[in-house]
Amino acid sequence: MRTTDSFTLASHGSITVERSCSLLLVRLRGDIDFALRDEADRALEALGAVADLPVEVDLGAVTFIDGAGIGFLLQCSGMCRQAGIDFGLRDVPGPAAALIGVLGLQTALPTHPRDARVLA
């Protein structure tokens, strides 16, 4: 069974949380910045409610990410670390990867290749 919660700001960006039996997938799309703070908070609440599945954050459709977006990723990572569950980013666009690198956050925000756990 798969459930989806979507938090969207029209024509700006979105955060979607999808749960399968083996993975919690957070999909980011568009501009991920301070304008999505309320949506990010609701997504974090959804993550907190499901603290037993590995979490992957798909950034493949991100067109822009700022400090607030990076902060959201760090909050996700921190929640997972505290719960003792796996966390990773996937399909990270070049500019986002560069920002993560410049900030020295590769350890806190590890990148995972796409694998068999991906939701269909």
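The values are calculated or read from the model by the stated rules, or taken from the named source; none is laboratory data. Just so you know, these numbers come straight off a predicted model, no measurement behind them. We place every Cβ from the backbone using ideal geometry, glycine too, and count neighbours over all the protein chains shown.
Take the stretch 91-107 and flag every residue that is assigned to a helix (DSSP H, G or I) and surrounded by 15 or more Cβ atoms within 10 Å (Cβ to Cβ).
If the condition is that a residue be assigned to a helix (DSSP H, G or I) and surrounded by 15 or more Cβ atoms within 10 Å (Cβ to Cβ), then A96, A97, L99, I100 are the ones that fit.
Which condition number does L74 fail, the rest of (1) surrounded by fewer than 19 Cβ atoms within 10 Å (Cβ to Cβ); (2) at pLDDT below 95; (3) not aromatic (F, W, Y) being met?
Here L74 clears every test but (2).
Can you name every residue in the stretch 1-21 that is small (G, A, S) and at pLDDT below 90?
If the condition is that a residue be small (G, A, S) and at pLDDT below 90, then S6, A10, S11, S20 are the ones that fit.
Test each condition in (1) of a type outside the set (D, E, K, R); (2) buried (at least 20 other Cβ atoms within 10 Å of the Cβ); (3) in a helix (DSSP H, G or I) for L25 and report the one that comes out false.
Failing condition for L25: (3).
What number of residues within the stretch 47-67 are at pLDDT below 90 and over 12 Å from the mean Cα position of the chain (by Cα)?
The total comes to 6.
Cβ-Cβ under 6 Å, sequence separation 6+ or interchain: first residue in the stretch 42-63 and without any contact (Cβ under 8 Å) to a residue 40 or more places away in the chain and more than 12 Å from T16 (Cβ to Cβ), partner in a helix (DSSP H, G or I) and charged (D, E, K, R). Which pairs?
Matching pairs, first to second residue: none at all.
Mind listing just one residue for me: the one in the stretch 28-45 that is of a type in the set (G, A, S) and surrounded by fewer than 20 Cβ atoms within 10 Å (Cβ to Cβ) and, of those, modelled with the highest pLDDT? Break it down stepwise before answering.
Initial filter on the stretch 28-45 (of a type in the set (G, A, S)): 30, 35, 40, 43.
If we keep only those that are surrounded by fewer than 20 Cβ atoms within 10 Å (Cβ to Cβ) too, we end up with 30, 35.
Working: G30: 95, A35: 91.
Across the stretch 28-45, the extreme among qualifying residues is G30.
Restricting the search to the stretch 78-89, which residues are farther than 15 Å from I32 by Cβ, under 13 Å from the mean Cα position of the chain (by Cα) and either surrounded by 15 or more Cβ atoms within 10 Å (Cβ to Cβ) or of a type outside the set (G, A, S) (or both)?
As a first pass, look at the stretch 78-89 and keep what is farther than 15 Å from I32 by Cβ: 78-88.
Those still in the list that are under 13 Å from the mean Cα position of the chain (by Cα) too: 78-80, 86-88.
Passing the criteria: M79, C80, D86, F87, G88.
Condition test on Q82, is it polar (S, T, N, Q) and assigned to a helix (DSSP H, G or I)?
Taking the combined requirement at face value, the residue satisfies it.
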